[in-house]
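Let me begin by presenting the structure, written as structure tokens, before commenting on it.
The values are calculated or read from the model by the stated rules, or taken from the named source; none is laboratory data. Note that the structure is a prediction, hence the values are computed from the model and not measured. For neighbour counting, all protein chains shown are included, and Cβ atoms are generated from backbone atoms with ideal geometry for every residue, glycine included. Note: areas computed on protein heavy atoms with side chains; ligands, DNA, RNA excluded. Shrake-Rupley method; radii C 1.70, N 1.55, O 1.52, S 1.80 Å.
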Amino acid sequence: MMTRRRARTRTRTRRAAAARRTRAGRSTRAAARSRSGRREASRSPAYSRLPALAPNPDPNLTLTLTLGLLACDYQHSHSRLRTLRLNGNDLTLSGFHALGVGLDAARTNNGLRLAELDLAHTGLCVEGLRGLLGPDTRGAHLASLRRLDLRQNMLDDDGARLLGRGFRSLQGLSHLFLRGNEFGCEGAAALFVGFAAWPTSEPPALQFCDALANHRLGVGAGRPAEGLAGCIDSVLAALSALPELTRLQLDPRLKRDDEAYNALQDACNRFDIDLHSF
């Protein structure tokens with residue numbers, strides 16, 4: 001009896017010692033991971049989760065901050081920047097050009113793969129867009145984008161046409177926001193022609209677009225509505241080339257009892273696309 005009791009005691013003692021060693025080992029490994037995480041954080045870009053820069057009345061300051069963040073990223077072998085929001089800042093023509101150059105350099109030097117770019121309310125016009133896309137206006141440095149927000153800017157028909165050509169490089173773009181710009185039927189038609197002219201066998205990933213939610217297409221003060229008649233053929237042709245498109249947003253002031261609108265509604269029903277007014 002005594003022998004069995006001593007054996008059980010020794011067994012419990014060994015087990016308790018083993019448990020203490022296990023707990024100590026876990027604590028040591030946790031501390032090591034914590035120190036490693038702190039070191040990695042100190043080496044990583046400060047903007048790996050970059051918040052939106054607050055709207056600033058000084059475009060030079062905003063641009064300096066942005067390009068400074070991109071320049072800091074050159075120290076690292078792989079960029080972690082995924083979202084860049086500059087909405088509400090007046091970037092000026094030279095600012096858009098510098099931003100395009102900075103993004104291109106970051107992609108070339110350390111594999112920047114930006115997923116979201118927000119340039120709403122930044123004063124973007126056709127010349128600014130040309131600077132952003134680069135000398136060849138293809139925008140290869142923006143090819144990784146999933147969301148591009150260009151709402152409430154000054155893109156006219158020429159700007160929409162330029163964006164339609166640049167769309168061929170935006171292979172993974174799923175959401176394109178264009179509401180509140182200045183292009184009308186001619187620009188919308190050119191844009192949707194760009195959507196339809198996809199150069200590869202893999203279809204575009206576009207799921208949402210509000211290019212038809214621009215003021216010139218609807219009824220405005222002191223001017224007639226352009227409506228959809230001038231661009232409906234291009235829009236209908238593009239819908240069949242956009243298999244992932246699930247939502248198309250319209251200007252609420254669009255005339256809804258004409259032939260063009262009815263044709264668009266029928267096509268959206270056929271392709272299971274939600275036709276929505278904001």
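Cβ-Cβ contacts under 9 Å between residues 6 or more apart (or on different chains), taken from a first residue in region 230-250 that is touching a residue at least 60 places away in the same chain (Cβ under 8 Å) and part of a strand (DSSP E or B) to a second residue that is among the small types (Gly, Ala, Ser) and open to solvent by less than 60 Å² (accessible area, probe 1.4 Å), are listed as Gln249/Ala211; Gln249/Ala213; Gln249/Ser277. Being under 20 Å from Ser240 (Cβ atoms), among the aliphatic types (A, V, I, L, M), surrounded by fewer than 21 Cβ atoms within 10 Å (Cβ to Cβ) and in contact (Cβ under 8 Å) with a residue 24 or more places away in the chain is a property that Ala196 has. If you filter region 138-187 down to residues that are farther than 21 Å from Ala241 by Cβ, at pLDDT 90 or above and in a helix (DSSP H, G or I), you find that the one that is least open to solvent (accessible area, probe 1.4 Å) is Gly159.
Residues that are open to solvent by less than 40 Å² (accessible area, probe 1.4 Å), over 16 Å from Thr83 (Cα atoms) and not in a loop (DSSP other than H, G, I, E, B) within region 111-131 comprise Val126, Gly128, Leu129, Gly131, listed in sequence order.
Among the residues of region 135-154, those identified as aliphatic (A, V, I, L, M) and closer than 19 Å to Thr122 by Cα are Leu142, Leu145, Leu148, Leu150, Met154.
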